[in-house]
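Here's the structure, in structure tokens; my notes come after.
Laboratory data are not the source of any read-out in this text; all were calculated from the coordinates shown. All values reported here derive from a predicted model rather than from experimental measurement. Virtual Cβ from ideal backbone geometry, glycine too; neighbours counted across all protein chains shown.
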Amino acid sequence: MTEEKIIKLNMGTLYGGSNDDRATLCLGIESSCDETSAAIVDSNRNILAHIIYSQIPEHQKYGGVVPELAARAHILAIDTVVRQTLDACGKKIDDIDVIAATAGPGLIGGVLIGWMAATGIAHATGKPLVAVNHLEGHALVPRLHAADAAGGDAACAVDFPYLLMLASGGHCQILLVRGVGQYEQIGQTLDDSAGEAFDKVAKMLGLGYPGGPIVDSRARAGNPERFKFPRPLCDKPGCDFSFSGIKTAARVMLDKAPTPYTEEFVNDFCASFQSAVVDCIVNRLGHAMDDKRVRAAAPKTLVVAGGVAKNSAIRAAMGKLAAANNMVFAAPPLSLCTDNGAMIAWAGLENYRVGRVVDGPVAPRPRWPLTEL
Ligand SMILES: Nc1ncnc2c1ncn2[C@@H]1O[C@H](COP(=O)(O)OP(=O)(O)OP(=O)(O)O)[C@@H](O)[C@H]1O
Ligand SMILES: [Mg+2]
């Protein structure tokens, strides 16, 4: 593994939590997809060190993640990433109080590598171990650090309960987050995730992988009214999503369009597609706010998390929706939306605080719905 593939995200107490000498330190490891990442986070909400080794260059030529290549890359990277994370903040393994790692859901080859590394460290040192659900990492990281729609600090800390739009590469759900380990599903996708739709539409346009960030940036220069995309389920009650019809509409329109696509065509296409996705999210969240379980819980904060939470139009639209419903909007800072070790370390600390530590063998799981926690 070469040095330049390692991104050192944050060192020092970047997110400025409080100072408490007795803070609990957690080493978190993430390896469920195409990032090998580790972070040391303390219970005062400080990220002491954070290393993300991204495999994107390895998978780009295939237009998506190749599980076998991902597993091999995790094996090669894991020891270095953990060692560099400790070195980056001058800590020894003995300084760490808790070890946490993703135990699913995800590509099982990668999950096994991160989980075995964490298990090995915990057994060798006698430290407590937390098996983190990757989706819980996404769901709880806004409590480590929350940003507003424009990227500034959120108006307040994200306290339970909150209404969460979890939109990532593999998942798309609306959840009522009542507490650590307490997730009530209000809506979910009936087919694809939003991230999958972004990636597939980008691939159809020949824009490369991962497609979400490219579509987002091309959409900024485009006309969202030019192409008529469907808004599946938006005329129906309920909070579920469907994105496969939007993908099919994209395929049909592109098959009729003259090639090569002009820059203006691609920008307008991205803007029109993204606007359909945003409308679906706003429509479904509007219904979720009327759901009787959500009304009874009266969450004060509307949160978006997962890789798709990086999307500028989704953040802006959800910010407006929150304001119109007297809620505060919060999202993780951009660097904590896609997969990262800090969210796993933070979820490890939150679980440790409520006593959810491993007390026997754990079998990593490729599928592990949040509602089964
Ligand atoms: N600016 C953006 N706009 C839209 N989508 C984005 C943006 N940035 C990233 N994404 C999408 O986020 C997804 C990756 O998110 P994430 O890392 O959370 O997924 P994952 O870990 O593979 O899936 P899961 O968390 O469900 O297991 C990709 O589909 C990517 O295209
Ligand atoms: Mg993820």
Compute the angle between helix 244-256 and the longest alpha-carbon principal axis of the chain, please, reported from 0 to 90 degrees and rounded to the nearest 10. 50
Using a Cα-Cα cut-off of under 19 Å, which lysines could be cross-linked to Lys256, ignoring same-chain neighbours fewer than 8 residues away? Lys200, Lys203, Lys228, Lys247
Simple label model, 7 Å out from Cα along Cβ direction - Lys256 to Asp148, nm: 4.3
Could you tell me what percent of the DSSP beta bridges with both partners in the chain are antiparallel, to the nearest 5? 65
Per the helix-only model, the chain has a calculated mean residue ellipticity at 222 nm (DSSP H runs of ≥4, -39500 (n - 2.57) each, divided over all residues, rounded to the nearest 500) of -12500 deg cm²/dmol
With a cut-off of 14 Å, note down the residues of region 229-267 whose backbone N falls inside the zone around a label point 7 Å from the Cα of Thr371 toward its beta carbon. 239-241
Fewest-first sequence of His134, His287 by Cβ atoms within 10 Å of each Cβ: His287, His134
Taking Lys203, Lys236, Lys127 and counting other C-beta atoms within 10 Å, the order from fewest to most: Lys236, Lys203, Lys127
At a Förster distance of 45 Å, what's the computed FRET efficiency of Glu68 paired with Glu263, Cβ-Cβ distance as r, to 0.05? 0.80
